[in-house]
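Report on the structure given below.
Bear in mind that the values in this text are calculations on the coordinates, not laboratory data. Predicted, not measured: the structure shown is a model, and the values here were computed from it. Backbone-built Cβ (ideal geometry, glycine too); neighbour counts: all protein chains shown.
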Amino acid sequence: MNCDILLGLQWGDEGKGKVVDVMTPRYDVIARFQGGPNAGHSLEFNGIKHVLHIIPSGIFHPDKMNIIGNGVVIDPTIFEEEINALVKMGLEPVSNLMISKKAHLILPTHKLLDAAQEAQKGKNKIGSTLKGIGPTYTDKTARHGLRVIDTLSADFTTKYNELCNLHKKMLKMYNFDYAEVLPKMELNFFEALNCLKRFKFIDNEYEISEYLNNGKSVLAEGAQGTLLDLEFGSYPFVTSSNTIAAGAFSGLGLAPSRVGKVIGIVKAYCTRVGSGPFPTELFDATGETLRKQGNEFGATTGRPRRCGWLDLVALKYAIMVNGVTEIALTKADVMSNFETINICTAYKVNGRLVTRFPSESDVQIEPVFTPFKGWQQDISKAKTYDELPPEFKMYIQFIEKETDTKISIVSVGPDREATIFR
């Protein structure tokens, strides 16, 4: 049995949470492979919206196992909040959620460092979620981070204090006053560790290998999006982990030979939170309409998202670096009222037509658009592909032809029921 990978192909917020939730019945195990509470995976069913930050999106299916992989960074305080919310719903996540021993912990001082470093950048801010993600991954690569397994050590408090003292020296360098807020944050942190320790700690590389060897199906769930990848995103306006398919190999201990399908999630238009290049961004009433109709506000930060037309140059790039085998297209219902819809098919850079996604983050890009007639009707009630308007089918067919990738799932609304499998 092989492991399928599901990830975002844009700048995040593509609707991964909903698609994972809808696809979970087809799998035995859902395993999150990178990121942390900077992610916000939104799911909706029974008229109620749910947002997950650290916990895999298959958790609402009690008969499915969920794994937080070694590539994830965990804030125990936010983790406890998520667990408490699930318990209030009548779920028992301790029975179907396991945590990698090797996952790194986000300390209170990591969050303070995040805020201090972002403030220091001034007008060059990258738009951090201020959740401590970057400083935690920095400590991981510097080889003095704390891992989940360390919480079981008799000298955990000593290790914690050593790392915190290092962070405090750095905070003083930034002239960042932490004396008032840190004690309360630390109190919450140590209390939340008791919640974390209720769960089974595992070597996820062994567990996933055994699941696959025993014929169990596994879905690897990514966070953020391809264009925020540390290596291949629009650097430096990226996240601190590998959001591409390769991140599943290092973030779960998954062997490349065990990969089956790579499912890429694509919003029918584009959004971005924070700073960084966004070639198709709309600064007019159309962009504002997309934001309002799509409720484009960050699930983690609440910040309004920047909105623009679908970018095929960026999408083809994302499909290439991930080896995407099929696409799930989301939020097309948001564009139901537009007379004309544009798709970016090329860039003009210094007057020259290009079809490659640039490595430079400061290059001036003029998008080249192909216009399409809008479908101008409500598609949210459609249950089959045949029920979709011909204009929308043309939109789908154009994307498939240009990317040479099949769109196998079409989401026409936020609820798990508003999903068409092709």
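For the reader, a short list of remarks on this structure follows.
- Spatial extent of the range 263-364: Rg and Dmax, with the Cα atoms as the point set, Å: 14.1, 38
- Considering only Ile265, Ile55, Ile208, the Gaussian network model of the chain with Cα springs below 10 Å gives its largest mean-square fluctuation to Ile208.
- Lysine pair number, Cα distance threshold 26 Å (strictly under), the range 82-149, separation 8 or more or different chains: 17
- Restricting the calculation to Cα atoms, the range 343-422 yields a radius of gyration followed by a Dmax of 16.3, 46 Å.
- For the chain, relative contact order (Cα pairs under 8 Å, six or more residues apart, normalised by length) works out to 21 percent.
- Summarising the amide proton neighbourhood of Arg303: residues at separation of 5 or more, or on other chains, whose placed amide H is nearer than 5 Å comprise Gly298.
- The range 291-344 shape via C-alpha gyration tensor axes, a/c threshold 1.5: oblate
- Amide H contacts for Thr330 (H built 1.01 Å from N in the peptide plane; partners 5 or more residues away or on another chain; cut-off under 5 Å): Val266, Lys267, Ala268, Ser411.
- Antiparallel %, DSSP beta bridges [both residues in the range 281-422], to 5: 75
- The base-10 log of I(q)/I(0) for the range 309-375, evaluated at q = 0.11, 0.22, 0.25, 0.26 Å⁻¹, reads -0.33, -1.03, -1.12, -1.14 [Debye formula, identical scatterers on Cα atoms, solvent excluded].
- Relative to the longest principal axis of the Cα atoms of the chain, helix 390-403 runs at roughly 60 degrees.
- Computed over every Cα-Cα pair of the range 205-286 and binned at 10 Å starting from 0, the pair-distance distribution P(r) comes out as 15, 39, 26, 14, 5, 1 percent.
- Gyration tensor (alpha-carbon) shape descriptor, the range 145-262, a/c threshold 1.5: oblate
- Extension gain for Lys406-Ile149 works out to 88.3 nm (0.36 nm per residue, less the C-alpha to C-alpha distance).
- Compared with the direct C-alpha span, the chain from Thr158 to Ile48 gains 35.3 nm at full extension, assuming 0.36 nm per residue.
- Taking Cα centre as origin and charging only the Cβ of basic (Lys, Arg, +1) and acidic (Asp, Glu, -1) residues, the dipole magnitude of the range 67-108 rounds to 200 debye.
- Within the chain, helix-based [θ] at 222 nm, where runs of 4 or more DSSP H residues each add -39,500 (n - 2.57), nearest 500: -9500 deg cm²/dmol
- 0 to 90° range, to nearest 10: angle between helix 182-196 axis and the chain longest Cα axis: 80
- For the range 55-122, the Kirkwood estimate of the hydrodynamic radius, built from every pair of different alpha carbons, is 13.6 Å.
- Surrounding net charge for Gly374, when Lys and Arg each add one and Asp and Glu each subtract one, Cβ distance under 14 Å: -2
- Overall form of the range 177-242 per C-alpha gyration tensor (a/c, 1.5; a/b vs b/c): oblate
- The charge dipole of the chain, taken about the Cα centre with unit charges on the Cβ atoms of Lys, Arg (+1) and Asp, Glu (-1), comes to about 400 debye, rounded to the nearest 20.
- Options (i) -0.61, -0.91, -1.23; (ii) -0.77, -1.04, -1.23; (iii) -0.55, -0.82, -1.13 - which one matches log10 I(q)/I(0) by the Debye sum over Cα atoms at q = 0.09, 0.11, 0.13 Å⁻¹ as calculated here: (iii)
- On Cα atoms only, tilt of 76-88 relative to the major axis of the chain in degrees: 70
- Longest to shortest principal axis, alpha-carbon extents of the range 1-66, angstrom: 31, 27, 17
- Cut-off 11 Å (backbone N to label point 7 Å along Cα→Cβ of Met185), residues of the range 130-166: 130-133
- Subtracting the Cα-Cα distance of Lys197 and Asn2 from 0.36 nm times their residue separation leaves 67.1 nm of extension gain.
- Fraction of the pair-distance distribution of the range 84-193 above 25 Å, Cα-Cα pairs, percent: 29
- Stokes-Einstein diffusion for the range 25-95 at 20 °C, viscosity 1.002 mPa s, with a Kirkwood radius from C-alpha pairs, works out to 171 µm²/s.
- Just checking the listed ones, Thr239, Thr280, Thr301: in the Gaussian network model of the chain with Cα springs under 10 Å, the one fluctuating most is Thr301.
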